[in-house]
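Following: one structure in C-alpha cells, then a few remarks.
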Amino acid sequence: MSDYVIEMLHITKIFPGIKANDDVTLQLKKGEIHALLGENGAGKSTLMSVLFGLYQPESGEIRKDGKKVEINNPNDANALGIGMVHQHFKLVEVFSVLDNIILGAEDSTMGVLKKKKAREKVEALSKKYNLKVDLDAIVEDISVGMQQRVEILKMLYRDNDILILDEPTAVLTPQEIDELMEIMRGFAREGKSILFITHKLNEIMAVADRCTVLRKGKYVGTVETKNTTKEELSKMMVGRDVSFTVDKKDIAVGSVVLEVRDVTVPSKRHKKDAVKNVSFEVRAGEIVCLAGIEGNGQTEFVSALTGLEPMTKGRIRLNGKDITHFSIRDRAKAGVSHIPEDRHKHGLVLDYTLEDNMVLQRYWEPAFQDGGFIKRREVRRYAEKLIDQYDVRSGQGPVTIARSMSGGNQQKAIVAREIDRGTDLLVAVQPTRGLDVGAIEYIHNQILSVRDSRKAVLLVSLELEEVMNLSDRILVMYEGEIVGEFDPKTTTVEELGLYMAGARKQSEVAQYDGE
Amino acid sequence: MENNRFRSGIITILSALLCILIGLFIGFLALILLAYISLRNGGNPFTFGDVLSTAYTSGFKQVLLGGLYQMPRGLRAEITLAASLIMTGLSVAFAFKTGLFNIGAAGQYAVGAFGALYCALIWNLPWYVCLIAAALCGAVWGAIPGFFKAYFNINEVITAIMFNWIGLYGVNTLMYGGGSSPMYNLKTTKTWPVAAKSAGSLIPDLKDLGATYFQRPATIGIFIAVLIAVILWVVLNKTTFGYELKACGYSKTAAKYAGINEKKNIILAMAISGALAGIGAGLYYLSGTAEWQPLVSTALPGIGFDGISVALLASSNPIGTVFSALFISHISTGGGFMSANIFPPEIADVISGVIIYLCAFMMLFKRRISRVFSRENKGGK
C-alpha cells in the first residue's frame, strides 16, 4: 500500500509554442492539505486539468493508491473520487443552488428527479462541514462566496475525497477566506485530501501541510510548510528574492486632479442606492485607496466615475473641468485611464489579438489611424514595445489571441495599456487580483511610478496588505458611504477592519469640506 | 506568426471543401435512390449499372455542371443568381461579424425589391439610383430590428422574423394596390417588366454596356457584388469602424469599456446588413430576368435565407462569401436542369442543405485537419 492517494509522476504537457508542464511530479498524502504554488503561467492549472482529465499529458503517469490509472475525462476523475472547483466557476447561472449541485449526478426514478433525497443529502453535508448555502436561491443572485460553497458541495455530493481547489481565495473577502480555511481543515480531519492551487503565501503558511512549487512549467521542489518561511517559498517560486514591502518616496502632493462631490449611484440588485453621497478628492502625486469589503459600493462607484453606468446625483471634476456628463470616450480623452475589476468582461476583447487589445483605448488616436484606416504597422510596433517593456508573456507575441493567455499576463497587458496612456488620473480596481507575488511586486512598482510622475491614482482594493503598502490616504467604504479616512502610517489593519465591517464610523470625516 | 493566420485560413478552406465533397456524395446517393425508384416503376429489367448511369446522366451531371450544362442561358441564370446571393450572403455575414444574427435578410430583400422597382417603374430613374434606393429601403428595414435590439434589448432574431412578414405583405400590397397600382400589370399578374417601362433602369449588360431589350445576357451585377465584398473585407479588417464593429460582436462589455458606442454600432451594423440585402434584390430585379408577383409571393424570398447558408459556408468571410455564393448558385441552377420526371429540382436544395448542415460540424473538421497539420509539423521537426 502506497503512502500516497494520488501520485502524478513525470508529467509533461505541451501546448503549441509552450511546454506547460515539463517533467512535473506531485504526490498527495491522505488527509493532507497540499498547496501547489507557482507564478501565473507556471503550469499549476494545467497540471490540475491533467489530473481532472481535461488534458492528456504527452508523457508521465498518474497513480491512485499506488495503482496506475487512466484519466481520459472528468467522469473518469469523478469515478476515482477526484473533484475540482475551477477558478472560474462552472455553474448554470439560472438554475437553483440545489439543481446545480445535483446536475450531472441526478438520481431519478423513471425519469423523475428524486429531489427530496438529494436535498436531504445536501443539507446534511452542508451542516456537517458548515457550508452555508440557500438551496433554493438562483445562482446568479448569490454572492461569489456562496457560489464557491455550491461548487464545494457539488464535489461532496459526488462523494469525492480528493478535492482540487483552483485559486479558491482569489474571489473571496478576508472573512470568507478565514471561513474557507476552517472548512478545509475540517475536510482534512475527515481524511479527505486537498490540493489547493494558490500564489498567496500567507494562506499556504496558515493552512497547508506541504507545498509543491512549480516555476515556468518545471518542478522546483516539495517542502513541509512548518520547516519553511514565506521568503523561502517566494524565492523558490520566482527564482529570486522578492520584497514584500514597497519603497515609497515621500513626495509633495500637487493640485487636485479628481474631485468627487455627493455622488449617488443606484443599485442594480436592490432598490436602495449602492453609493450614497460620496465626496472626496485625489491630488496629483498621491495614491488614494478606496478600501472595503466586496459589495459595499466600490464597483458601482467606479462604474459611475468611468461612465460605464449612470449616476443619479453628484458632480465629478477632473482638473477642475466638470466631466459628470461626459461619455466614456470623452472621459478617456479628458485624462482618465481605468484598470477594470473584471479583466474578462471589460478589460479585454478576448477574441482579439494581443496587439488589437493593446490599442483598445487609443485605436482612434491619429497615431494609430489615418482617415479611418488602422495603421497596422504602428499598432504592431506599439504592441511590441509594450510587450517588451512590461514583460507580457504569450505564446505568439502580438498576434496571440488574448483568450489563450494566462490570467496574470492578461492583467499585465491591461496594466501596460492603461499606464502607458500617461493620463492624469489612473483608476485601478483590484489591479493584482489573482496574481502571483512577482507580478504583484511589478504592478505595485508601476503604480508607484505613476504616482511619482506626479499623477493621481485612485486604487480600489480588497487586499488590506496592498492598501497599507501602496496608499497615501485610505478611505473606507461601507454600505455605499465613506465611513472613515486614514493615514496608512498611523493606522492598523485591525482598525481598518473594524470600519470595513461597519462596527465603527467616523462622523464628519472624509466628507467634502468645501473650498 | 503570420504563418499561423495563413495556416488557419487554409484549414478553414479545406474544411469547407470537405463539407462540399461530403454534401455532393450524399446528394449523389439520393439521386441513385430516386433513379432506382424511377427505373423500377418503369417496369423494364435493369442492372445496377443502369441505375448509376441514370443517376449520373440525368441528374448528377447537371448538378456538377451547373449553369454550364446549358450554355449560354444556364450560365446567365447562374451568374445573375450568384450576384444576388453574394449580397444576401454578405448581409448575413456582416451581421455575424458584429455578433448579430440577421435572419431578416429575406424581408430586407423584399423591401429592397420594392424600392428598386418603384424607382424604375414609376420615376424611370437610372439603374444606379434604383440600386441606391433598394439599399436605402433595405437599410431602413434592417435598422428597425437593430434599433429595438439597441434600445430595448429585444432579440434581433424575433423582430427580424416579424419584419420579414410585414415587409413581404406590405410590399405585395403596395405593388398590387388593389389591382390599380401603376406598378402592376393586370394581364400578366406581375409588375411591369423594367425593360418595357424604363430601359435606363436596367443594369448594363456584360456583353456591351448599351441596353438590349431582348435575350438579356447577364449584367455587370456580379462585378458590383464582388466589389462590395472586397470593400466589406477592407472595412472589417482595415478600418477603425470594422475594429469597433467586431469588438462589439466579440464582447459588448469590453466595447463599452473602450468607449465604443455599442447602441450606435448595432443599429449601423443592422442597417448596413439590410442595405446589402436590398442591393441583392436590386441586382436581381433590375437585371430584367424576373418580375415581382404580388399575388402569389406568399412565401419569403428564398434568396434571403440562402444568404444564411452562404455566410455559414464562408465562415462569415466576405471574400469567402463570393465563392460560396457562386457554388450554391451553381448547384441550384444545375438542379433546375435535371430530368424533371425522374428528379425533383429540389435535390439541389437537399445537397446545399446537407452541406450547410455539415458546416455546423466544420469546427470538428477544423480540429481534425489541424491535428493532421500539427502531426506533419512534428514529423518535420
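Just to confirm the filter: which trypsin sites (Lys or Arg not before Pro) across region A:242-312 are DSSP coil and have at most 15 other Cβ within 10 angstrom of their Cβ?
Values: sites: A:K248, A:K249, A:R261, A:K268, A:R269, A:K271, A:K272, A:K276, A:R283; in loops: A:K248, A:K249, A:K268, A:R269, A:K271, A:K272.
Here the sparse-neighbourhood loop sites are A:K249, A:K268, A:R269, A:K271, A:K272.
Rounded to the nearest 5, what is the percent of antiparallel bridges among the DSSP beta bridges in the protein assembly as shown? Can you show the working numbers first?
On the way: 51 of 89 bridges.
Bridges in the protein assembly as shown are about 55 percent antiparallel.
Distance from the Cα centre of region A:467-486 to that of region A:345-393, in angstrom?
Centre-to-centre (Cα) distance: 34 Å.
Once you keep just the Cα pairs under 8 angstrom separated by 6 or more residues, what percentage relative contact order results for chain B? Don't skip to the end; give the middle numbers.
Numbers: 678 pairs, mean separation 125.9, N = 381.
Relative CO of chain B lands at 33 percent.
Roughly how large, in nm² to one decimal, is the mean projection of the convex hull of the alpha-carbon atoms in region B:71-336? Display every interim value, and only then the final one.
Values: hull surface 54.3 nm².
Dividing the Cα hull surface by four gives the mean projection, 13.6 nm².
Helix-only estimate, please: 222 nm mean residue ellipticity of chain B, summing -39500 (n - 2.57) across DSSP H runs of length 4 or more and dividing by its residues, to the nearest 500.
Details: 16 runs with 269 residues, N = 381.
The helix-only estimate for chain B comes to -23500 deg cm²/dmol at 222 nm.
Give the long-range amide H neighbours of B:N185: residues separated by 5 or more places, or on another chain, with amide H under 5 Å away, using H modelled in the peptide plane at 1.01 Å from N.
B:K190, B:T191, B:W192
Given the pairs B:K97/B:K263; A:K272/B:K263; A:K29/A:K90, which span a C-alpha to C-alpha distance of over 24 angstrom in this model? Show your work: numbers first, answer last.
On the way: B:K97/B:K263 16 Å; A:K272/B:K263 28 Å; A:K29/A:K90 27 Å.
Beyond 24 Å: A:K272/B:K263; A:K29/A:K90.
³J(HN,Hα) across region B:127-132 via Karplus (A = 6.51, B = -1.76, C = 1.60, θ = phi - 60°), whole Hz, x for Gly/Pro?
4, 5, 5, 4, 5, 5
Please report the relative contact order for region A:4-238, taking Cα pairs under 8 Å with a sequence separation of at least 6, and give it as a percent rounded to a whole number. The partial results should precede the final answer.
Numbers: 453 pairs, mean separation 68.1, N = 235.
Once normalised by length, the contact order is 29 percent.
Other chains' Cβ within 10 Å of A:326-333 residues: what's the mean? Working shown, then result.
Details: counts 0, 2, 6, 4, 1, 1, 3, 1.
That average works out to 2.
Could you give log10 I(q)/I(0) at q = 0.08 Å⁻¹ for chain A, computed by the Debye formula over C-alpha point scatterers of equal weight, without solvent?
The Cα Debye sum returns log10 ratios of -0.55.
Find how much the distance from A:E232 to A:K505 grows on full extension, using 0.36 nm per residue of separation minus their present alpha carbon separation; answer in nm with one decimal.
Length difference between fully extended and current span is 94.3 nm.
Starting from the Cα of A:R403, step 7 Å along the direction of its Cβ; do the same at A:E465; then give the gap between the two resulting points in nm.
3.4 nm
Based on the Cβ-Cβ distance of B:I37 and B:A340, what FRET efficiency does E = 1/(1 + (r/R0)^6) give at R0 = 22 Å, to the nearest 0.05?
On the way: r = 15 Å, r/R0 = 0.67.
Result of the calculation: an efficiency of 0.90.
Express the relative contact order of chain A as a whole percentage, based on alpha carbon pairs under 8 Å and six or more residues apart in sequence. Before the final figure, lay out each step's value.
Details: 1026 pairs, mean separation 78.2, N = 515.
Answer for chain A is 15 percent.
Could you list, in their original order, any pairs among A:K248/A:K345; A:K345/A:K375; A:K230/A:K489; A:K385/B:K256; A:K216/A:K249; A:K127/A:K226 whose Cα atoms are separated by more than 28 Å? Spell out each step's value before the answer.
Details: A:K248/A:K345 32 Å; A:K345/A:K375 26 Å; A:K230/A:K489 24 Å; A:K385/B:K256 26 Å; A:K216/A:K249 33 Å; A:K127/A:K226 31 Å.
Checking Cα-Cα distances, A:K248/A:K345; A:K216/A:K249; A:K127/A:K226 exceed 28 Å.
Would you calculate, for chain A, the mean residue ellipticity at 222 nm contributed by helices, counting each DSSP H stretch of 4 or more residues as -39,500 (n - 2.57) and dividing by all residues, to the nearest 500? Walk me through the numbers on the way to the answer.
Numbers: 16 runs with 161 residues, N = 515.
Here the helix-only value at 222 nm equals -9000 deg cm²/dmol.
Among DSSP bridges having both ends in region A:96-235, what percentage is antiparallel? Round to the nearest 5.
Values: 9 of 14 bridges.
Rounded to the nearest five, the antiparallel share is 65 percent.
Would you list, by chain and number, the aspartates and glutamates whose Cα falls below 14 Å from the Cα of B:K264, excluding same-chain residues fewer than 8 positions away?
B:E244
Quote to one decimal, in nm, the extra length available between A:E106 and A:D250 on full extension: 0.36 nm per residue of separation minus the C-alpha distance between them. Write out the running numbers ahead of the final one.
On the way: separation 144, 0.36 × 144 = 51.84 nm, distance 6.13 nm.
Going from the current span to full extension adds 45.7 nm.
Taking the Cα centre of each part, how many Å lie between region A:1-73 and region A:74-130?
25 Å
Taking the Cα atoms of the protein assembly as shown alone, what are Rg (to one decimal) and Dmax (as a whole number) in Å?
Cα only, the protein assembly as shown: 32.7, 106 Å (Rg, Dmax).
Averaged over its residues, how many other protein chain Cβ atoms are within 10 Å of peptide A:338-349's Cβ atoms? Mind showing how you got there, number by number?
Details: counts 1, 0, 3, 0, 3, 1, 3, 6, 7, 5, 5, 13.
That works out to 4 on average.
Give the shape of region A:162-314 as rounded, prolate or oblate, defined through the alpha-carbon gyration tensor: a ≥ b ≥ c are the square roots of its eigenvalues, a/c under 1.5 means rounded, and otherwise the shape is prolate if a/b is larger than b/c and oblate if not.
On the way: a/c = 3.30, a/b = 1.68, b/c = 1.97.
The shape class here is oblate.
What are the residues whose amide H is under 5 Å from the amide H of A:Q369, where those residues sit 5 or more places off or on another chain and H is modelled from the backbone?
Sorted by chain and number, the residues that satisfy this are A:K375.
Cut-off 13 Å, label point 7 angstrom out along Cα-to-Cβ of A:M205: give me the residues of region A:441-462 whose amide nitrogen falls inside.
Answer for region A:441-462: none.
For A:E39, which sequence-distant residues (separation of 5 or more, or a different chain) have an amide H within less than 5 Å of its own amide H, given hydrogens modelled in the peptide plane?
Under 5 Å from the amide H of A:E39 lie the amide H atoms of A:K216, each far enough along the sequence or on another chain.
Please list 3J(HN,Hα) in residue order for region A:130-143, calculated via the Karplus relation 6.51 cos²θ - 1.76 cosθ + 1.60 where θ = phi - 60°; whole Hz, with x for glycine and proline.
Values per residue, Gly and Pro as x: 6, 9, 6, 9, 9, 5, 9, 6, 8, 4, 5, 8, 9, 5 Hz.
In region A:158-245, which GluC sites (Glu not before Pro) are in a loop and have at most 14 other Cβ atoms within 10 Å, using DSSP for the loop call? Provide the component values of the computation, followed by the final result.
On the way: sites: A:E176, A:E179, A:E182, A:E190, A:E203, A:E224, A:E231, A:E232; in loops: A:E190.
Sites meeting the loop and neighbour criteria: A:E190.
Just so you know, all these numbers are worked out from the coordinates, no wet-lab data involved. Bear in mind that the values here come from a model prediction, so they are computed numbers and not experimental data. Note that we place each Cβ from the backbone using ideal geometry, even for glycine, and neighbour counts take in every protein chain shown.
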